[in-house]
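The values are calculated or read from the model by the stated rules, or taken from the named source; none is laboratory data. Model, not experiment: these values are computed from the prediction. Quick reminder, even Gly has a Cβ in these numbers, built from the backbone with ideal geometry, and neighbours come from all protein chains shown.
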Amino acid sequence: MRRAHRVSDPKDDVALYVHWPYCARICPYCDFNVVRDRGRGEEQAGLMRAILADMEAQAALTGPRRMASLFFGGGTPSLMDPDAVAAVIDRARSLFPPRGPIEITLEANPTDAEADRFAALADAGVNRLSMGVQALDDAALAFLGRNHTGDEARRAVAVAARAFPRLSIDLIHALPGQTVDGWRAELTEALDLGFEHVSPYQLTIEPATAFGRAVARGAWTPPDEDLSATLYETTQTVLEAAGFDAYEVSNHARGVAARSAHNLHVWRGGDYLGVGPGAHGRLTLDGVRTATVAHRGIAAYVAGVEAGAPWSEREAQSARDAAEEKVLLGLRTVEGVALTDLAALGRTEGLEPLAGLIGDGFLAVAADRVRATAAGRPVLDGVLRALLV
Ligand SMILES: C[S@@+](CC[C@H](N)C(=O)[O-])C[C@H]1O[C@@H](n2cnc3c(N)ncnc32)[C@H](O)[C@@H]1O
Ligand code: SF4
């Protein structure tokens, strides 16, 4: 009898990303694919059916593959019905049977209402929560347009730490008027909350957001480059002293086991399936690395899935594009990239093009891998531009 699922090479394993676009309130800085959830109950039920159908269709396309990890991102997936979360997890497990226990992450907002559902989400199979704390100071949270206070976030972290074996929090710095001492104090206070992973993001001003418009009309000014760089350095110093290693530019984990398996899979250039409106995917189909982007609009996505065409874009990547992406992502991590990945960029001069960046102390080579140094990481965008010209 044929086995339903051949035992494939672990390199073939796929990570799954499920996008849930609904939020209780839209934050003024956020440029993700999001909508307010009010009055959209029926639409949500339709989207859930489409997500399950899309997973089935993509499984038929990829053939038997193993699931490396599952990530519910948003939007605010902590607003999902836990039964719906369980249904996605069960379907994913049956379509892409994992080799063993896998990391299942869900992004959450820290409101009391959501904290009440953490236990049910854990029962549904979520074993890692990624919580958008953003700040602990109420004035900062109000400025960020968040729908929770610092105390509410502290309570939610405590509930999550009991419900989930693994917990990560997101913080945002580089707010207008923020001082280095203020940020150091906030980060230090956050560390007392207890979590194994933290993503401190610098506030990015996205043009198509309320903050983008406010900054454009001069309503306020974000910190300048020097202060932003000092805030970044402060983050590294405080987190390192607390036992967190910076395994990626904006991701710090307390030990190797606390690193995000899902993100590492993506950063290493692994295949991942994107499901839900606007979700991106990278799939090797018939030996060709293919980039997919699902329709951004919810109605367009649902109609697309029903018509057998969930994607607005599906493009075979050239070998050079695939290699460039691998280098862009890999150099953000402590693992760096293999010299062979750089060779795949089409360079024939060996280490020669790297010499300047190595000489300036931005990159280092060891054991056939290239890594960004502590000096290179904060200026990585410039390093990558120099490397990829
Ligand atoms: C898309 S959100 C989803 C999580 C959840 N809805 C929340 O807001 O907590 C993921 C994270 O992206 C970060 N983020 C979103 N927009 C950002 C921006 N413009 N600058 C910096 N970080 C941003 C926030 O830290 C947020 O926690
Ligand atoms: S930051 Fe989170 S809650 Fe705010 S709009 Fe974006 S996804 Fe929604």
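Here are some notes:
- Residues (under 15 Å from residue 192 (Cα atoms), among the charged types (D, E, K, R) and in contact with a Pro (Cβ under 9 Å, 6 or more places away or on another chain)) located in region 132-173: 154, 155, 170
- Figure legend. Inter-residue proximity from region 166-179: first residues within 13 Å of ligand 1 (Cβ to nearest atom), second residues charged (D, E, K, R) and part of a strand (DSSP E or B), beta-carbon distance below 8 Å, spacing 6+ or different chains. Indicated pairs: 168/128.
- Residues in region 277-317 that are part of a helix (DSSP H, G or I) and surrounded by 20 or more Cβ atoms within 10 Å (Cβ to Cβ): 298, 301, 302, 305.
- Check on residue 105, under 18 Å from the mean Cα position of the chain (by Cα), at pLDDT 95 or above, more than 14 Å from ligand 2 (Cβ to nearest atom) and polar (S, T, N, Q): yes
- Here 39, 46 are screened, and the one residue that is farther than 20 Å from residue 279 by Cα, outside any strand (DSSP E or B) and more than 16 Å from ligand 2 (Cβ to nearest atom) is 39.
- Residues being of a type in the set (A, V, I, L, M) and within 10 Å of ligand 1 (Cβ to nearest atom) - total across region 203-222: 2
- Residue 136 being farther than 22 Å from residue 58 by Cα, within 16 Å of ligand 2 (Cβ to nearest atom) and not aromatic (Phe, Trp, Tyr): no
- Enumeration of residues in region 223-249 that are in contact with a Ser or Thr (Cβ under 9 Å, 6 or more places away or on another chain), of a type in the set (Gly, Ala, Ser) and at pLDDT below 95: none
- Residue in region 331-353 that is touching a residue at least 12 places away in the same chain (Cβ under 8 Å), in contact with a strand residue (DSSP E or B) (Cβ under 6 Å, 6 or more places away or on another chain) and in a helix (DSSP H, G or I) present: no
- Within region 123-144, residues that are under 20 Å from residue 77 (Cβ atoms) sit with their Cβ atoms under 9 Å from residues that are β-branched (Val, Ile, Thr) and assigned to a loop (DSSP other than H, G, I, E, B), at 6+ positions apart or across chains, in these pairs: 127/102; 132/76.
- Region 76-98 residues that are within 13 Å of residue 16 (Cβ to Cβ), paired with ones that are of a type in the set (Lys, Arg) (beta carbon under 8 Å, 6 or more apart): 96/65; 96/66; 97/66; 98/66
- Search result, residues across region 54-75 that are in contact (Cβ under 8 Å) with a residue 24 or more places away in the chain and either of a type in the set (Lys, Arg) or assigned to a helix (DSSP H, G or I) (or both): 54, 55, 56, 57, 58, 59, 61, 62, 65, 66
- Which listed residue, of 356, 274, 361, is in contact with a Ser or Thr (Cβ under 7 Å, 6 or more places away or on another chain), in contact (Cβ under 8 Å) with a residue 12 or more places away in the chain and surrounded by fewer than 14 Cβ atoms within 10 Å (Cβ to Cβ): 361
- The number of residues in region 292-351 that are touching a Phe, Trp or Tyr at 6+ places or on another chain (Cβ under 8 Å) and polar (S, T, N, Q) comes to 2.
- Hey, residue 16 under 30 Å from residue 209 (Cβ atoms) and in a helix (DSSP H, G or I) or not: no
Each row is one residue, and each column tells you yes or no for (1) within 16 Å of ligand 2 (Cβ to nearest atom); (2) in a strand (DSSP E or B); (3) at pLDDT below 95.
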position	(1), (2), (3)
154	no, no, no
171	yes, yes, no
176	no, no, no
195	no, no, no
199	yes, yes, no
204	yes, no, no
211	yes, no, no
221	no, no, no
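- Criterion (within 22 Å of residue 267 (Cα to Cα), touching a helix residue (DSSP H, G or I) at 6+ places or on another chain (Cβ under 8 Å) and more than 16 Å from ligand 2 (Cβ to nearest atom)) met by exactly one of 52, 70: 70
- Count of region 82-140 residues which are away from ligand 1 (no atom under 14 Å from the Cβ), in a strand (DSSP E or B) and not aliphatic (A, V, I, L, M): 1
- Checking each residue in region 19-40 for being away from ligand 1 (no atom under 13 Å from the Cβ) and closer than 20 Å to residue 106 by Cβ picks out only 40.
- Among the candidates 388, 283, 354, the residue that is in contact with a helix residue (DSSP H, G or I) (Cβ under 9 Å, 6 or more places away or on another chain) and under 22 Å from residue 15 (Cα atoms) is uniquely 283.
- Hits in region 92-120 - residues which are surrounded by fewer than 19 Cβ atoms within 10 Å (Cβ to Cβ) and polar (S, T, N, Q): 94
- Among the residues listed as 378, 353, the single one being at pLDDT below 90 and within 27 Å of residue 234 (Cα to Cα): 378
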